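K.L.:
Quick one: the structure is below, and I'll ask about it shortly.
The values are calculated or read from the model by the stated rules, or taken from the named source; none is laboratory data. Being a predicted model, the structure only gives us computed values, none of them experimental. Glycine also receives a Cβ, built like all others from the backbone with ideal geometry; neighbour counts cover every protein chain displayed. Just the protein is used for accessible areas: all its heavy atoms, side chains included, with ligands, DNA and RNA removed. Shrake-Rupley method; radii C 1.70, N 1.55, O 1.52, S 1.80 Å.
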Amino acid sequence: MIPALADVLEGWMFVARSRNLAGEVSAVAVAAALDHARELAVPPLEEPAALFYAFACRPRAFVGGWRFMPVLMAINQAHALGFRLHAEPGETDPLRHRIADASTRPPFDEVRDWFAARLIAIPDET
């Protein structure tokens with residue numbers, strides 16, 4: 001399930017403090033990104049890609065956090081679904097930049113497929 005606005009804002013404050021950032025945020029942009037992600041993610045497995053896409057489209061949602069928050073949101077959502085994102089550091093940067101620029105923004109299907117190829121189930125250790 002896509003996280004609630006209050007949970008995202010609370011998480012951002014934690015991340016901002018840990019990175020020595022002011023924690024400025026546009027709650028309106030965050031809410032819009034969450035709504036956008038809910039519209040994009042039809043089955044739950046698409047939620048990591050949808051969150052990445054929706055937040056990459058809104059670079060001003062988290063002041064000082066645009067570079068890492070879309071991928072952090074995707075990684076956290078993947079974990080919540082029992083998956084991990086298998087991508088090297090920096091692999092998401094070119095994709096995030098393409099999404100942020102409306103003139104180069106790929107369709108969500110392309111981003112969804114990129115994530116699907118990199119989501120690996122976390123083994124059940126019971």
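K.L.:
For the chain, what % of the accessible area comes from carbon and sulfur atoms, probe 1.4 Å? Don't jump to the answer; show the numbers that get you there.
P.N.:
Details: 3970 of 7010 Å².
With neighbouring chains kept in place, the figure for the chain is 57 percent.
K.L.:
To the nearest 20 debye, what is the magnitude of the charge dipole of segment 1-92 about its Cα centre, counting +1 on the Cβ of each Lys and Arg and -1 on the Cβ of each Asp and Glu? Mind dumping the intermediate values first?
P.N.:
On the way: 7 positive and 9 negative charges, 55 e Å.
Roughly 260 debye for segment 1-92.
K.L.:
What FRET efficiency comes out for ALA31 versus TRP66 if R0 is 22 angstrom and r is the Cβ-Cβ distance? Round to the nearest 0.05. Could the numbers behind the result be given before it?
P.N.:
On the way: r = 17 Å, r/R0 = 0.75.
Given R0 = 22 Å and the Cβ-Cβ separation, E is 0.85.
K.L.:
Hey, another quick one. I'm spelling it out carefully: the read-out is log10 I(q)/I(0) by the Debye sum over Cα atoms at q = 0.13, 0.16, 0.21 Å⁻¹, the candidates are (1) -0.48, -0.73, -1.26; (2) -0.45, -0.72, -1.40; (3) -0.66, -0.89, -1.28, and one was derived from this structure. Which label?
P.N.:
Matching the structure shown: (1).
K.L.:
Given an 8 Å cut-off on Cα distances and at least 6 residues of separation, report the relative contact order of the chain as a percent. Kindly include the intermediate steps, with their values, before the conclusion.
P.N.:
Details: 153 pairs, mean separation 29.2, N = 126.
Relative contact order here is 23 percent.
K.L.:
Report ILE2's accessible area, 1.4 Å probe, all protein chains in place, as a number in Å² to the nearest 10.
P.N.:
Spelled out: ILE2, probe radius 1.4 Å, area about 10 Å².
K.L.:
OK, next. By the gyration tensor of its Cα atoms, with a ≥ b ≥ c the square roots of the eigenvalues, what is the shape of segment 83-122: rounded for a/c under 1.5, prolate for a/b over b/c, or oblate?
P.N.:
On the way: a/c = 3.99, a/b = 1.74, b/c = 2.30.
Verdict is oblate for segment 83-122.
K.L.:
Restricting to DSSP loop positions (anything but H, G, I, E, B) with no more than 14 other Cβ atoms inside 10 Å of their own Cβ, which trypsin sites (Lys or Arg not before Pro) remain in segment 1-54?
P.N.:
Working: sites: ARG17, ARG19, ARG38; in loops: ARG19.
Here the trypsin sites (Lys or Arg not before Pro) that fit, given the DSSP loop and packing criteria, are ARG19.
K.L.:
Which is the longest part of the chain that has none of the GluC sites (Glu not before Pro) sitting in a DSSP loop with at most 15 other Cβ atoms within 10 Å? Could you put the intermediate results ahead of the total?
P.N.:
Details: sites that count: GLU24, GLU91, GLU125.
It works out to 25-90.
K.L.:
Okay, next question. With every protein chain left in place, what is the accessible area of VAL8 in Å² (1.4 Å probe, nearest 10)?
P.N.:
The value for VAL8 is about 10 Å².
K.L.:
At 18 angstrom or more along the helix axis (alpha-carbon based) and mean Kyte-Doolittle of -1.0 or higher, what helices does the chain contain? Whole DSSP H runs only.
P.N.:
Working: long enough: 5-18 (20 Å, 0.76); 27-40 (19 Å, 0.86).
Both cut-offs are met by 5-18, 27-40.
K.L.:
While we're on this one: Taking H as built 1.01 Å from N, whose amide H comes closer than 5 Å to the amide H of VAL25, not counting residues under 5 places away?
P.N.:
Hits under the 5 Å cutoff: VAL63.
K.L.:
Also: On a 1.4 Å probe surface of the protein chains, which of VAL30, VAL71 comes out largest in accessible area, and what is the full order? Can you show the working numbers first?
P.N.:
Numbers: VAL30 0, VAL71 30 Å².
In descending accessible area the options line up as VAL71, VAL30.
K.L.:
Averaged per residue, what accessible surface does the chain expose to a 1.4 Å probe, in Å²? Before the final figure, lay out each step's value.
P.N.:
Working: 7010 Å² over 126 residues.
For the chain, the per-residue accessible area is 56 Å².
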